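J.: Questions regarding the structure given below will be posed in turn.
What follows is calculated from the coordinates using simple rules that are stated; it is not laboratory data. On a predicted model such as this, the values are computed, not experimentally measured, just so you know. Glycine also receives a Cβ, built like all others from the backbone with ideal geometry; neighbour counts cover every protein chain displayed.
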Amino acid sequence: MKKTQLGCSYSELWVSPSDWKTTKSKVSLKQEWYVQCYYYDPAFHDKYPKGKPIRQKLNKWKTLEDRRAAAEIMLKEYPVLLEKGFNPITKKYMIPAFNPDVTKIKVLDKDLLCTEAIEIAWNNILEAVSDEVENPFEDVKIAKNRFVKGLNALHFNDIKIIDIQSSHIKQVIKCCRITDGYYNKFLSYMTKIWTELYEYDCVTTVPFKLYKKKKNTSKPREILQDEDFTGVMDHLYQYHYSFYRYAMIFHNSGGRSTELMMVQKKHVDIKNQEYTVLIKKGDQYVWEIKVITVDVLHLWIEIYNKCPTQHSYLFSKGLEPGPKPIDPAQISRRWHRHIKTNYSELSGKKITSDFYALKHLFLSKLDEQKFDIVDAPENIAQLMASHRSSRMTNTVYLVNKKKQEREIMKRISIHRDPINEAI
C-alpha cells in the first residue's frame, strides 16, 4: 500500500480483464472492463478495515482501442488524483487547493484587476455574516453589480484596483445613471465595498465618503386611511385569507417583511407572546426579541399550530408554513395585484399606497395613543420598530406626526385679539 501525504493509503491499480493489453476478441467487449484499487482511510477503519475497493468502469468506451487507451490514462492519472488529496470514499478533496469544484480562497491584493478585487471584497463581507442571514446586504450587492457593469461598459475593467482614481469612479457613476433619489444610498453602499478594499491596502482612499451628498426634496409618504384599512382587510379576509393573516401580523409587528420571512416555529414563544428575529442594524445583524400584540395573538397561534416541525418557516409558499422561506418581494407583488389592482377596481376606491403603509399606519396610531396605554414608554413606536434612534421613527414612519403637530399649533393662543373679543 502506498501512503498519501494525508495519512491515507492505496494499493497498486490493476485492470480487468487481465488480458486487456493483448486481447483481440470483440467478445471481450461484452465483459466488464474496469480499473481497480483498494483505498484505506483511517477515518473509515471500522467500515473498511482492509480498505474500500475503488472501481472505475470503462465500458462507456465501445472499441478495444478506446478501452485500452482509457485504461492507460486511468493507471497514470488516478494515482496523481489520490496524491492531490482526492478521497474516493467521501468523493471530496481533502486538500481544497486542488479541488476544481471548490472556489479557491482569493486574497485581496492591490495588483488585482478592479472588477476581481471588488468581487473578492464583496465575498469577504459576506463571509463575516452569519449563515442564518438570508441575502445579507442585498442593497449593497445591487449597487456593486451596477458599479461593475459601469466599469465594464467604460472598459475600465482592465485597470488594476490600485490605479482606480476618483475620476474613474465619477465617470462610472455617470455611466450608471444613478438617480438623485438613489445617489446618496449608492454612495453609502459602495463605501462598504471600498472600505474593505482600503483595509487591505488595495486603495489609498474611500472617495465615496468624500463626495458631496445630494439634497433631495422628499415627497410626502402616502398613507392608508382608517376607512381604507378596514375595506382592504375585509377584502383580503374574504378572498385571500393567508395574505390577510400575514398582513395583520405584519401590521401589528412594527417590523419588516425581510425579518418575518425568516421566522421559524422554534423562534416563537406563544406563552410569553414573543418571538426572536434577526434584525439588521447598521452593518450588524443581531437577534432581538419582539412582542406579539394581543390583537393578532390568535393569528400567531393559528399559524404556529400549522407548523409541522420546529424548523418550519411560518411564511413559506402561499404564506403558509413550510420548509423554505419565500422572497419578501412577493409581498409587494401580491399587494399590487390584490389591492392596488383588484380591490381598487371592485371597490371603486383607488389604493395607491404600498404595502409598508400598514406599518406606517400602525406606528402612527401607536404614537397617537401612547398616553392611553398604561405605563407605555414615551418612545413606544420606536421600540416596536426596533429603531436605534427616534429620528428614523419620527421622520420616516410617523407620517401623521407632522399633521398632528400642525393641528396643535393651530390651537395656540398667547394674546387674544382685544378688539374682536370686545365685539
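J.: Which order, highest average first, do 108-116, 86-94 follow once you tally other Cβ atoms within 10 Å for each residue and take the mean per peptide? Walk me through the intermediate numbers first.
T.: Values: 108-116: 17.2, 86-94: 15.2.
Highest to lowest by the protection proxy: 108-116, 86-94.
J.: While we're looking at this one, here's another question. Loop-only GluC sites (Glu not before Pro) in the range 192-266, please: DSSP not H, G, I, E or B, and at most 13 other Cβ atoms within 10 Å.
T.: Working: sites: Glu196, Glu199, Glu222, Glu227, Glu259; in loops: Glu222.
Taking the range 192-266 and a limit of 13 other Cβ atoms within 10 Å, the loop GluC sites (Glu not before Pro) found are Glu222.
J.: Taking R0 as 60 Å, what's the FRET efficiency between Ala69 and His311 from their Cβ-Cβ distance, rounded to 0.05?
T.: Numbers: r = 51 Å, r/R0 = 0.84.
Once the sixth-power term is evaluated, E becomes 0.75.
J.: Cα-based Rg of the range 225-311 per 2.2 N^0.38 Å, rounded to two decimals? Walk me through the intermediate numbers first.
T.: Values: Rg = 13.9 Å, N = 87, 2.2 N^0.38 = 12.0 Å.
Compactness ratio reported: 1.16.
J.: Give me His336, His45, His240 ranked fewest to most by other Cβ atoms within 10 Å of their Cβ, as a rough exposure proxy. The partial results should precede the final answer.
T.: Details: His336 14, His45 11, His240 19.
The most exposed by this proxy come first: His45, His336, His240.
J.: A further question on this structure: For the range 2-93, build the charge dipole from Cβ charges (+1 Lys, Arg; -1 Asp, Glu) around the Cα centre, then report which of Ser9, Val35, Tyr78 sits farthest towards its positive end.
T.: Of the listed residues, the answer is Val35.
J.: Only loop residues by DSSP count here, and only those with at most 13 other Cβ atoms within 10 Å; note down the trypsin sites (Lys or Arg not before Pro) in the range 323-366 that meet that.
T.: On the way: sites: Arg333, Arg334, Arg337, Lys340, Lys349, Lys350, Lys359, Lys365; in loops: Lys349, Lys350.
Those that pass, being in a loop and sparsely packed, are Lys349, Lys350.
J.: Hey, fewest Cβ within 10 Å first, where do Lys160, Lys3 land in order? Before the final figure, lay out the partial values.
T.: On the way: Lys160 15, Lys3 10.
Ordered by Cβ neighbours within 10 Å, fewest first: Lys3, Lys160.
J.: Restricting attention to the range 254-305, which trypsin sites (Lys or Arg not before Pro) occupy a DSSP loop and are surrounded by at most 16 other Cβ atoms within 10 Å? Walk me through the numbers before you get to the answer.
T.: Values: sites: Arg256, Lys265, Lys266, Lys271, Lys280, Lys281, Lys290; in loops: Arg256, Lys271.
Qualifying residues, ordered by number: Lys271.
J.: How do Met1, Met261 rank when sorted from fewest to most other Cβ atoms within 10 Å of their own Cβ?
T.: So the ranking, lowest neighbour count to highest, is Met1, Met261.
J.: Also, I was wondering about something else. Please state, rounded to one decimal and in Å, the Kirkwood hydrodynamic radius that the range 1-120 gives when every pair of distinct Cα atoms enters the mean of 1/r.
T.: Working: mean 1/r = 0.0592 Å⁻¹.
About 16.9 Å for the range 1-120.
J.: Taking the Cβ-Cβ separation of Lys271 and Tyr198 as r and a Förster radius of 45 Å, what is the calculated FRET efficiency to the nearest 0.05? Working shown, then result.
T.: Working: r = 49 Å, r/R0 = 1.08.
That gives a FRET efficiency of 0.40.
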